[in-house]
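Below: the structure, in structure tokens.
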Amino acid sequence: MVQSQPDLTPLVDLALSLGASEAAVIDSSLIQVSEQLALKCVQPRCENYGLSFSCPPYVEGPAGFRKMAALRPQALVVRLVVPAAMLLSWERLELGRVLHELVATLETEAVRQGYKDSTAFAGGSCKELFCQEYLECQRIAGGSCRHPDLARPSLSGYGVDVFKLIEDCGWNPYFKGEGGNSEESGLAWVAGLILIG
């Protein structure tokens, strides 16, 4: 007997009420991951590589993501559309914190609604976003995470094809300005997702 998928409309509505520009539910099997994308954390080496437990080499990469997605049939994808200048300034850190908080809140609510194995992912290094003033990630050092209510693993570290993810949600990953150039639109985006299960 085929089980029907749960109605995740309340989570979509919550995401939008919390400030997501867009939110959509997709089948987790659509999410594409690749070793090549995950290797971009290594070559060229990301400045945050190895600094937090939520980034490589401490995450399981594409193979780990595939295992998690196989056990969680649906995913809630969120996107924050922002002025492109934010990503080129110190404001990107605040934006990163907002994204982590958003997906962490949605994960918590999904668990509260009975989807106890829900797992959220965001962009950026949680070390840079939440523990910049500390020399090392406390979790890597064998302790507890300083911000377990906010810090979530990096989509990049798992090799998630975020542009394809955005297209699978029916959203355009490229904003067109008047001249047809996405840079002229002055807009950019960041995305996160929650595997629901």
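Just the number please: accessible area per residue for region 10-60, 1.4 Å probe, all protein chains included, in Å². Could you put the intermediate results ahead of the total?
On the way: 2970 Å² over 51 residues.
Roughly 58 Å² per residue, with all protein chains present.
Using the alpha carbon gyration tensor of the chain, what are the three equivalent-ellipsoid semi-axes (square root of 5 times each eigenvalue), largest first, in whole Å?
Semi-axes from the Cα gyration tensor: 24, 23, 17 Å.
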Long-range HN-HN contacts of Ser118 with modeled amide H, under 5 Å: Gly197
How big is the dipole moment of the chain about its Cα centre under a simple scheme where the beta carbon of each Lys and Arg is +1, that of each Asp and Glu is -1, and everything else is neutral? Debye, nearest 20, please. 540 debye
Relative contact order for the chain: what percent, with Cα pairs under 8 Å and sequence separation of 6 or more? 34 percent
Give me the Debye-computed log₁₀ of I(q)/I(0) at q = 0.15 Å⁻¹ for region 31-140, equal point scatterers on Cα only, no solvent, two decimals. -0.79
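Lysine pairs in the chain 8 or more apart or on different chains: how many have alpha carbons under 22 angstrom apart?
6
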Apportionment of accessible area to carbon and sulfur, region 1-157, percent (1.4 Å): 55 percent
Nonlocal amide H pairs with Gln138, under 5 Å, H built at 1.01 Å: Arg146
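The values are calculated or read from the model by the stated rules, or taken from the named source; none is laboratory data. All values derive from a computational prediction rather than experimental measurement. So basically every Cβ, Gly included, is an ideal-geometry build from the backbone, and we count neighbours across all protein chains shown. Only protein heavy atoms, including side chains, enter the accessible area calculation; ligands, DNA and RNA are left aside. Shrake-Rupley method; radii C 1.70, N 1.55, O 1.52, S 1.80 Å.
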